[in-house]
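These notes are about the structure you will find just below.
The values are calculated or read from the model by the stated rules, or taken from the named source; none is laboratory data. Quick caveat, the model's predicted, so the values are computed rather than measured. Note that each Cβ is placed from the backbone with ideal geometry, even for glycine, and that neighbours are counted across all protein chains shown.
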Amino acid sequence: MQSFTGKAGTKFLVLLFSLLSAITLCSADTSSRVHDVNHGSSLQARKLTPELIAFKKKLAKADKTIFTNDQDYMDFTGQGNKIFGSDGYAGCIGVVMASSKGAMIGHYNVDENSLERAKGKLKDLYEAHKGDLSGGQLWVYAHVEYKNGFPYAQPELVNKFIKTVKEITGKDPRIQKYIEAVDAWFDQNGEPLVNDPDINNMIGGAFFVENPGGGHANSVLELLDIEMIKKSGEPIS
């Protein structure tokens with residue numbers, strides 16, 4: 001990895017990374033906690049482990065990926081394995097509801113206008129498929145600050161979105177928090193908190209649902225979490 005030792009160089013690189021992340025839609029890649037949608041099992045992956053490599057490969061092969069300010073449904077009742085993903089999380093908020101028959105994903109910017117538009121679109125999508133989504137697990141994927149307690153970066157809007165999701169589905173969503181990797185390794189002025197954070201491998205938020213098809217098998221939801229997003233920026237020793 002090329003090293004920028006001067007403060008100006010470091011700040012420039014951090015800003016460039018942030019810009020590229022935004023262009024990549026809202027950034028993506030990282031650790032994961034795996035949840036069996038019906039049984040709640042979990043698996044913690046580590047940087048460059050086979051589990052993380054498998055996550056990246058599966059997300060890259062997704063049959064459909066939802067990016068910023070979009071939502072869709074994928075049917076799992078047909079034959080054949082399906083992967084339904086959402087990528088590019090760098091401050092955005094996501095929602096996923098998954099059952100053995102299908103999954104619904106929404107991915108939105110966290111601002112009043114985006115969330116207000118999302119409310120109607122998400123409601124219409126859920127109403128069109130609520131029969132197949134019945135009994136499925138419901139998650140909200142929320143950006144948090146890298147500080148004690150990991151508070152929501154925009155608490156009023158995030159809580160409003162969570163309330164909206166509950167009103168639409170009639171269920172309390174489980175929450176998976178995520179961070180932006182730069183927040184764990186750089187201060188507000190762009191100064192590194194340790195020597196040589198691994199900028200090249202820093203990752204953002206993402207998740208996917210996988211189902212083998214047929215409409216009867218459990219769906220598996222895999223979400224990238226705080227710890228592995230942080231680990232992606234650990235200095236190379």
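Take N195 and decide whether it is surrounded by fewer than 20 Cβ atoms within 10 Å (Cβ to Cβ) and assigned to a helix (DSSP H, G or I). No: the conditions fail for N195. F208 fulfils the conditions (1) closer than 29 Å to D124 by Cα; (2) out of contact with any Lys or Arg (no Cβ under 7 Å at 6 or more places or on another chain) except for a single criterion, (2).
Picking from residues in region 89-134 that are part of a helix (DSSP H, G or I) and among the aliphatic types (A, V, I, L, M), the one that is farthest from I226 (Cα to Cα) is A128. In region 184-214, the residue that is nearest to A98 (Cα to Cα) out of those that are out of contact with any helix residue (DSSP H, G or I) (no Cβ under 8 Å at 6 or more places or on another chain) and either aliphatic (A, V, I, L, M) or modelled with pLDDT of 85 or more (or both) is V209.
Take V165 and decide whether it is touching a Pro at 6+ places or on another chain (Cβ under 9 Å) and surrounded by fewer than 18 Cβ atoms within 10 Å (Cβ to Cβ).
no
Here K101 meets the list (1) surrounded by 17 or more Cβ atoms within 10 Å (Cβ to Cβ); (2) over 28 Å from E234 (Cβ atoms); (3) in contact with a strand residue (DSSP E or B) (Cβ under 7 Å, 6 or more places away or on another chain); (4) not hydroxyl-bearing (S, T, Y) almost entirely, failing just condition (3). Out of everything in region 198-226 that is within 19 Å of H143 (Cα to Cα) and of a type in the set (V, I, T), what residue ends up being surrounded by the most Cβ atoms within 10 Å (Cβ to Cβ)? Among residues in region 198-226 that are within 19 Å of H143 (Cα to Cα) and of a type in the set (V, I, T), the one surrounded by the most Cβ atoms within 10 Å (Cβ to Cβ) is I203.
Could you please find all residues in region 202-219 being under 21 Å from the mean Cα position of the chain (by Cα) and not aromatic (F, W, Y)? Spell out how you get there, then give the answer.
Step one: of region 202-219, the residues under 21 Å from the mean Cα position of the chain (by Cα) are 202-211, 218-219.
M202, I203, G204, G205, A206, V209, E210, N211, N218, S219 - these are the residues of region 202-219 that are under 21 Å from the mean Cα position of the chain (by Cα) and not aromatic (F, W, Y).
Rundown of residues vs (1) out of contact with any helix residue (DSSP H, G or I) (no Cβ under 9 Å at 6 or more places or on another chain); (2) of a type in the set (A, V, I, L, M, F, W, C), yes/no style:
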site	(1), (2)
D75	no, no
G85	no, no
G91	no, no
A98	no, yes
I105	yes, yes
K119	no, no
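Every listed requirement among (1) surrounded by fewer than 19 Cβ atoms within 10 Å (Cβ to Cβ); (2) in contact with a Cys (Cβ under 8 Å, 6 or more places away or on another chain) is met by Y89 save one, (1). As for region 138-155, it holds no residue that is surrounded by 23 or more Cβ atoms within 10 Å (Cβ to Cβ), of a type outside the set (D, E) and more than 14 Å from the chain's Cα centre (by Cα).
Can you find a residue in region 117-124 that is over 25 Å from N159 (Cα atoms) and touching a Ser or Thr at 6+ places or on another chain (Cβ under 9 Å)?
Going residue by residue through region 117-124, those that are over 25 Å from N159 (Cα atoms) are none.
No.
Taking the listed residues V34, V95, the one that is under 14 Å from the mean Cα position of the chain (by Cα), at pLDDT below 95 and at negative phi is V34, with no other qualifying. Identify the residue in region 148-183 that is assigned to a loop (DSSP other than H, G, I, E, B) and closer than 18 Å to A90 by Cβ and, among all such residues, is modelled with the lowest pLDDT. Among them, the one singled out is E180.
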